[in-house]
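The values are calculated or read from the model by the stated rules, or taken from the named source; none is laboratory data. Just so it is clear, the model here is predicted, and its values are computed rather than measured. As a convention, Cβ positions derive from the backbone with ideal geometry for all residues, glycine included, and neighbour counts pool all protein chains shown. We work out accessible area using only protein heavy atoms, side chains counted, and drop any ligands, DNA or RNA first. Shrake-Rupley method; radii C 1.70, N 1.55, O 1.52, S 1.80 Å.
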Amino acid sequence: MAPTEEGKKLISSQKKMGRSLNQIWFFLIALGLLFVSSCLAEEDVVILTGDNFEKEVGQDRGALVEFYAPWCGHCKKLAPEYEKLGTSFKKAKSVLIGKVDCDEHKSLCSKYGVSGYPTLQWFPKGSLEPKKYEGPRTAESLTEFVNTEGGTNVKLATVPSNVVVLTENNFDEVVLDKTKDVLVEFYAPWCGHCKNLAPIYEKVATAYKLEGDVVIANLDADKYKDFAEKYGVSGFPTLKFFPKGNKDGEDYDGGRDLEDFVTFINEKSGTSRDGKGQLTSTAGIVASLDALVKEFVSASNDKKKAVLSKIEEEVEKFDGSAARYGKIYLKAAKSSLEKGSHYAKNEMDRIQRILEKSISSAKADEFTLKKNILSTFVA
């Protein structure tokens, strides 16, 4: 039986709907592929996989490839240098800087004879026969190697440093400032150990860049020999700590990993930072106020005002960072008294939602301090 006019219209409508759905699906697939592509190239170092390796490497440009493992200590040490290299060659059309996660792509790494990490190999233009890189693992050396092999003339990208550079003109002003704790590296430009320490020392400086009374600095003791002699420097690098209360300087004899420096500075300066520069859960906590908060939380409503007065009296004694923390304690106590016992927990939840968003480091510090201090008000 032939379809009615209404049936014909329904069939036509369904066909149009089918075409529209197909178009939507094609659009979504294309969008997904674009998203994956952008993810693979979101860093200056191109992420290589089993699927895209031969599409990117051995084609119309030379490629330096790092074969690494996420857990490898030497790989972690190389990472900032390699990223700097990737940034430098980002616009060089004839060279690719890439990396392969060998934990994820074992067969690919095995194919190219990788048995240790990191392994760096150069793939000439149009070739999948690599040449192993055996030189120093610094951005400077890698840049020289890639320029030689790739026929380029790229200059290493300069990244702003958080290490304060000392000279004869500013040494006393910076180091002998009694309001600052200052860690100084006395180094020589030709010293291999100094070069190895440099990227770690930069991370230390970056971790404490928001601490107004902590300074991470260095001095070219080869150039300013008088300072080296004055402070008994006979080898490089020599690290000395100049705390607020002792500007004669104390020898730093600790380890030279990032965490060693962080532990030392936190202990000496009373700071609470981790290796990434983020505040820890103890930041902002003041022992004398902590004790009063416990009394405040356990007190009956009619006695809370009396404890609040004690908190106010204690805060008035503080200066510097402690005064800043004291104001947060005081505001939290007043708000808890006004809004009830659930205020601290509700406010902590709100702050946590903010911290999970993309905010500046300074804002993250501000909210972390508030959250830490509010946690003392949660019974």
Q: Considering only the stretch 322-356, state which residues are outside any helix (DSSP H, G or I) and open to solvent by 30 Å² or more (accessible area, probe 1.4 Å).
A: Ser341, His342, Glu356
**Q.** Hits in the stretch 124-148 - residues which are touching a Leu at 6+ places or on another chain (Cβ under 8 Å), touching a residue at least 60 places away in the same chain (Cβ under 8 Å) and open to solvent by less than 100 Å² (accessible area, probe 1.4 Å)
**A.** Tyr133, Leu142, Phe145, Val146
Q) Going by the conditions given, is Glu173 open to solvent by 80 Å² or more (accessible area, probe 1.4 Å), at pLDDT 95 or above and in a helix (DSSP H, G or I)? A) yes
Q.
So Glu259 passes all but one of these: (1) outside the structural domain of Asn170 (by the TED database); (2) open to solvent by 50 Å² or more (accessible area, probe 1.4 Å); (3) modelled with pLDDT of 95 or more. Which condition number does it fail?
A. (1)
Q | Only listed residue being in contact with a Phe, Trp or Tyr (Cβ under 9 Å, 6 or more places away or on another chain) and aromatic (Phe, Trp, Tyr), chosen from Phe318, Phe367 | A | Phe318
Q: Identify the residue in the stretch 81-96 that is open to solvent by 10 Å² or more (accessible area, probe 1.4 Å) and under 8 Å from Ala139 (Cβ atoms) and, among all such residues, is farthest from the chain's Cα centre (by Cα).
A: Ser88
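Results for (1) more than 22 Å from Pro80 (Cβ to Cβ); (2) in a loop (DSSP other than H, G, I, E, B), shown as yes or no for each residue.
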{"position": "Leu108", "(1), (2)": "yes, no"}
{"position": "Thr148", "(1), (2)": "yes, no"}
{"position": "Lys178", "(1), (2)": "yes, yes"}
{"position": "Val182", "(1), (2)": "yes, no"}
{"position": "Phe186", "(1), (2)": "yes, no"}
{"position": "His193", "(1), (2)": "no, no"}
Q | Residue that is least open to solvent (accessible area, probe 1.4 Å) [pool: residues in the stretch 149-160 that are in contact with a helix residue (DSSP H, G or I) (Cβ under 6 Å, 6 or more places away or on another chain) and within 24 Å of Lys203 (Cβ to Cβ)] | A | Ala157
Q. In the stretch 201-214, what residues are open to solvent by 20 Å² or more (accessible area, probe 1.4 Å) and touching a residue at least 40 places away in the same chain (Cβ under 8 Å)?
A. Glu202, Lys203, Thr206, Lys209, Leu210, Glu211, Asp213
Q: Go through (1) under 23 Å from Gly150 (Cα atoms); (2) touching a residue at least 40 places away in the same chain (Cβ under 8 Å) one by one and return the number of the condition Lys93 breaks.
A: (2)
Q) Which residues, taken from the stretch 357-376, are at pLDDT 95 or above and not in a helix (DSSP H, G or I)? A) Thr376
Q: Would you check if there is a residue in the stretch 222-240 being closer than 12 Å to Leu183 by Cβ and touching a Lys or Arg at 6+ places or on another chain (Cβ under 7 Å)?
A: no
**Q.** Search result, residues across the stretch 280-300 that are open to solvent by 30 Å² or more (accessible area, probe 1.4 Å) and either under 17 Å from Tyr201 (Cα atoms) or in contact with an Asp or Glu (Cβ under 9 Å, 6 or more places away or on another chain) (or both)
**A.** Thr280, Ser288
